[in-house]
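This report concerns only the one structure given below.
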Amino acid sequence: MEPRPLPAPSLDRRWYDAFVREHESALHGTARRLCGNATDARDLVQDTLERGWNYRERYKPGTDGRAWLLTILRHLFIDRCRSRIRERRADVSAEEVEERIAAPEAEALPAWAAITPEQLREALEKIPEEFRLVYQLHALEGRSYIEIAERLGIPKATVGTRLIRARRRLKELLMPTATGGEA
């Protein structure tokens, strides 16, 4: 006598309820991690269980039921994310997009943009020569730190320090209200 294959389990309501009880905690845990809040996670699990019931004939008994349900859950989650992106895009009309592209908002010019070359020259005259020289060589002549260091016979780090101090002093002189200096 040959052994008979085992009959496929009846995929009825009792079977599905037991199947769900076995994997429900994994579904809730994964949904909570994906959604970030309990309400959305419960909705996602509910939709997963509903879809699982509707498509139970696609489940192959003897395979990993947890993986099957988690795949449904993951696909539903991705669909929801895509739907939210489409909703955000739909909130903006074509006319609004066109207006935003055609007429971008004017940006306020930074305070330093109003400084004239004459004001810069006057401020440079007011800072110590060691800072002024480093600033002029770097900012106005475009020299590198190494070139300045060699020309002045000072370490490269000193060039950086003097440049920082020159900029700080120029800022105090040219934009006194922003730094609390002269008015």
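Values quoted throughout were computed directly from the atomic coordinates according to the rules given, and no laboratory measurement underlies them. Because the structure is predicted, anything quoted here is derived from the model rather than measured. Cβ coordinates were reconstructed from backbone atoms using ideal geometry, including for glycine residues, and neighbour counts include every protein chain displayed.
Taking θ as phi - 60° and the Karplus parameters 6.51, -1.76 and 1.60, the scalar couplings of region 37-46 work out to 8, 5, 5, 5, 5, 4, 4, 5, 5, 4 Hz in sequence order, x denoting glycine and proline.
Partner lysines whose Cα lies under 28 Å from the Cα of Lys126, excluding those fewer than 8 positions away in the same chain, are identified as Lys156, Lys171.
What is the order of Cys81, Cys35, fewest Cβ neighbours within 10 Å to most?
Numbers: Cys81 11, Cys35 17.
Fewest-to-most Cβ neighbours within 10 Å comes out as Cys81, Cys35.
Counting Lys and Arg as +1 and Asp and Glu as -1, each charge on the Cβ, what is the dipole of region 115-179 about the Cα centre in debye, to the nearest 20?
Details: 12 positive and 9 negative charges, 51 e Å.
Once rounded to the nearest 20, the dipole reads 240 debye.
Taking a virtual spin label 7 Å from the Cα of Glu22 along the C-beta vector, which residues in region 34-70 bring their backbone nitrogen under 12 Å of it? Residues passing the 12 Å test: 60-69.
Among Trp15, Trp68, what is the fewest-to-most ranking by other Cβ atoms within 10 Å?
On the way: Trp15 13, Trp68 18.
Sorted ascending by nearby Cβ count, the order is Trp15, Trp68.
Each residue of region 20-30 is assigned a 3J(HN,Hα), and the resulting list reads 5, 4, 5, 10, 4, 5, 5, 5, 5, x, 5 Hz, derived from the Karplus form 6.51 cos²θ - 1.76 cosθ + 1.60 (θ = phi - 60°), x at Gly and Pro.
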